[in-house]
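The values are calculated or read from the model by the stated rules, or taken from the named source; none is laboratory data. Because the structure is a prediction, the values reported are computed rather than measured. Virtual Cβ from ideal backbone geometry, glycine too; neighbours counted across all protein chains shown. Heads up: the accessible areas ignore ligands, DNA and RNA and are worked out on the full protein's heavy atoms, side chains in. Shrake-Rupley method; radii C 1.70, N 1.55, O 1.52, S 1.80 Å.
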Amino acid sequence: MTAVEKRMVLENVDMFPLLGTNDSNLKLIEDKFNASITVRGENVVIKGVIEEVNTIEKVIKEMVYVLNTNGTLKSSDIETILNLTVEGKEIINEKEFDSIVLYTKNDVIKAKTPGQSNYLQVALKNDICFAIGPAGTGKTYLAVAFAVSSLNRGIVNKIVLARPAVEAGESLGFLPGDFREKIDPYLRPLYDALDDMMPSDKLKNYLEKGVIEIVPLAYMRGRTLNNAFVILDEAQNATDVQMKMFLTRLGVNSKAIITGDITQIDLPPKTTSGLVQAKEILKGIEGVGFVFFEKSDVVRHKLVKDIIDAYEKSKNGNGV
């Protein structure tokens, strides 16, 4: 039978526990098959007959899933994976594995809807990605997961998260505390997302060293961000001038995700939303991608979809 070759890139994986001491885990696989497995860094090359190559690829993906989910990978785990895979059974199916964005301290973060799967693909292919849609669709949470994954894999060495500090029904001047205390509530959702994705001590260390920055949008002016993953959240509340300023901060080897909901603009009347404007003038530019979420992509409480529907009906029926 003709031999084939398949290459795998194992991103966001600690290769030492995956392969085992002196490649002991790898040897357990090779003992079961005639195919050869070569590992260089995060690249894996499998050569052999097509059936064995496909089976070994599944085994390695199962190993990655178990390692990143449980934090450990024992020889008994590999034996179980081998037996199940050879029998045609799977711990995690191919489609689910490809939808995983980040393994966290508690769980895996993955695309759960067709819209989120499309988001993953667009964000991977483009250096600038706009994610536009209603609340609860995972726009911000997945963007932060993309950023943390890129940092973990060494693709970037810095994350910058920004939000406009727009006075949505409440004046900053009347809020208690100094400026930082006044601005923190606007940035809190970004802190919460990060806290879900990495150990608290590691997050604290990154924040103290400036590896991760969470700042008001106004603080971005005059900067050039190289080797960074930059996120602008609640971008519907950025003015046209602010949006242009943000987008032109992008430096060498950097990526940006801009998220927002154009139905929730809190800017003063007659002020142009930078997100609305960008949606029109940047479409068609190579390297800039757009994702538009629907109500069907809402992944919060099931009532969120009903609430969105109710407000849309009220707006359409009563001009609210």
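Per-residue answers, yes or no, for (1) open to solvent by 20 Å² or more (accessible area, probe 1.4 Å); (2) assigned to a helix (DSSP H, G or I); (3) of a type outside the set (A, V, I, L, M):
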| residue | (1), (2), (3) |
| --- | --- |
| 22 | yes, yes, yes |
| 27 | yes, yes, yes |
| 38 | yes, no, yes |
| 51 | yes, yes, yes |
| 59 | no, yes, no |
| 66 | no, yes, no |
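The numbered conditions (1) of a type outside the set (Lys, Arg); (2) open to solvent by 20 Å² or more (accessible area, probe 1.4 Å); (3) within 24 Å of residue 155 (Cα to Cα); (4) not in a helix (DSSP H, G or I) are all true for residue 44 except (2). Going through (1) open to solvent by less than 50 Å² (accessible area, probe 1.4 Å); (2) assigned to a loop (DSSP other than H, G, I, E, B) one by one, residue 34 falls short only on (1). Under the condition of being under 16 Å from residue 66 (Cβ atoms) and touching a residue at least 24 places away in the same chain (Cβ under 8 Å), the residues counted in region 9-47 number 12.
Collect the residues in region 68-85 that are of a type outside the set (Lys, Arg), under 13 Å from residue 25 (Cα atoms) and outside any helix (DSSP H, G or I), keeping them in residue-number order.
The initial filter retains those residues of region 68-85 that are of a type outside the set (Lys, Arg), namely 68-73, 75-85.
Checking the rest, the ones that are also under 13 Å from residue 25 (Cα atoms) come to 72-73, 75-82.
Hits for region 68-85 are 72, 73.
Here's the yes/no breakdown for (1) open to solvent by 50 Å² or more (accessible area, probe 1.4 Å); (2) outside any strand (DSSP E or B); (3) free of Cβ contacts under 8 Å to residues at least 40 places away in the same chain:
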{"site": "231", "(1), (2), (3)": "no, no, no"}
{"site": "245", "(1), (2), (3)": "no, yes, yes"}
{"site": "253", "(1), (2), (3)": "yes, yes, no"}
{"site": "264", "(1), (2), (3)": "yes, yes, no"}
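Please find, within region 151-181, the residue that is modelled with the highest pLDDT out of those that are assigned to a helix (DSSP H, G or I) and surrounded by 17 or more Cβ atoms within 10 Å (Cβ to Cβ). The qualifying residue modelled with the highest pLDDT is 151. Of all residues in region 1-44, those satisfying the criterion of being under 19 Å from residue 78 (Cβ atoms) and of a type in the set (Lys, Arg) are 27, 32. Which of (1) surrounded by fewer than 18 Cβ atoms within 10 Å (Cβ to Cβ); (2) at pLDDT 90 or above is the odd one out, the single condition residue 130 does not satisfy? The number of the failed condition is (1). Evaluated against (1) at pLDDT below 95; (2) surrounded by 19 or more Cβ atoms within 10 Å (Cβ to Cβ), residue 258 falls short on exactly one condition, (1).
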